[in-house]
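In what follows, a structure is listed as structure tokens, so that the remarks can point back to it.
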Amino acid sequence: MTAKKIPIKVEDDVVVSIEYTLRLEDGDVIDSSEGREPLAYIQGKGQIVRGLERELYGMNVGDEKAVTVAPQEGYGQYDDERLQRVPRDSFPSDMELEEGLNVRMRDVSSGQLLDAYIEEVEDEAVTLDFNHPLAGETLFFDVKVVSLREASSDELDHGHAHDGNHGH
Ligand code: ZN
């Protein structure tokens with residue numbers, strides 16, 4: 001029987017658990033693991049923001065780091081082309097339409113479901129914003145690596161960690 005190798009640093013195919021806080025440029029905390037289980041993910045699978053994942057390589061358990069992620073390595077640049085004006089009657093007449101509301105639209109040509117936010121409501125038309133809500137934002141992470149372990153073969157097949165509230 002061979003002893004299981006315990007990873008000592010963040011590298012590909014390692015299940016990494018991190019505590020983190022995410023702030024925007026204005027200092028507002030918009031996401032945090034505080035009061036929750038640490039976030040567990042498999043390094044190298046693109047499960048977390050690209051610009052953050054890259055900075056975590058080589059970190060050890062207990063290490064902390066402040067990482068600044070530019071929009072192009074976070075949720076993308078804000079793109080005006082992704083604003084779309086649609087007729088008011090594309091929505092059910094009894095649907096309450098208000099700015100900021102998240103709606104799911106089916107793309108007519110591809111059949112794909114797309115998430116959008118209502119940007120503006122007018123009498124005849126509704127402007128939808130298909131940008132990610134964090135598009136164009138520089139992201140400021142404070143992260144701490146709290147544990148490292150090898151991914152199981154199941155986890156590698158599925159492409160995600162089975163820690164925490166992932167249900168199977
Ligand atoms: Zn799974």
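So Thr127 passes all but one of these: (1) over 15 Å from Met105 (Cβ atoms); (2) more than 16 Å from the ligand (Cβ to nearest atom); (3) touching a residue at least 40 places away in the same chain (Cβ under 8 Å). Which condition number does it fail?
If we test Thr127 against (1) over 15 Å from Met105 (Cβ atoms); (2) more than 16 Å from the ligand (Cβ to nearest atom); (3) touching a residue at least 40 places away in the same chain (Cβ under 8 Å), just (1) comes out false.
Go through Val61, Val67 for me and flag whichever is in contact (Cβ under 8 Å) with a residue 40 or more places away in the chain and part of a loop (DSSP other than H, G, I, E, B).
Going through Val61, Val67 in turn, the sole match is Val61.
Being surrounded by 15 or more Cβ atoms within 10 Å (Cβ to Cβ), more than 29 Å from Gly62 (Cα to Cα), among the charged types (D, E, K, R) and under 22 Å from the mean Cα position of the chain (by Cα), is that true of even one residue in region 158-168?
no
Within region 13-41, track down each residue that is in contact with a Lys or Arg (Cβ under 7 Å, 6 or more places away or on another chain) and not hydrophobic (A, V, I, L, M, F, W, C).
Once the filter is applied, which keeps residues that are in contact with a Lys or Arg (Cβ under 7 Å, 6 or more places away or on another chain) and not hydrophobic (A, V, I, L, M, F, W, C), region 13-41 yields only Glu19.
Conditions tested, residue by residue: (1) assigned to a strand (DSSP E or B); (2) within 11 Å of the ligand (Cβ to nearest atom); (3) at pLDDT 90 or above; (4) assigned by TED's automatic domain parsing to the domain that holds Asp63.
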| site | (1), (2), (3), (4) |
| --- | --- |
| Asp115 | yes, no, yes, no |
| Glu120 | yes, no, yes, no |
| Asp123 | no, no, yes, no |
| Phe140 | yes, no, yes, yes |
| Val143 | yes, no, yes, yes |
| Leu148 | yes, no, yes, yes |
| Asp154 | no, yes, yes, yes |
| Asp163 | no, yes, no, no |
| Gly167 | no, yes, no, no |
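The values are calculated or read from the model by the stated rules, or taken from the named source; none is laboratory data. In this text the structure is predicted, and so the values were computed from the model without any measurement. In this analysis, Cβ positions are derived from the backbone assuming ideal geometry, glycine residues included, and neighbour counts consider all displayed protein chains.
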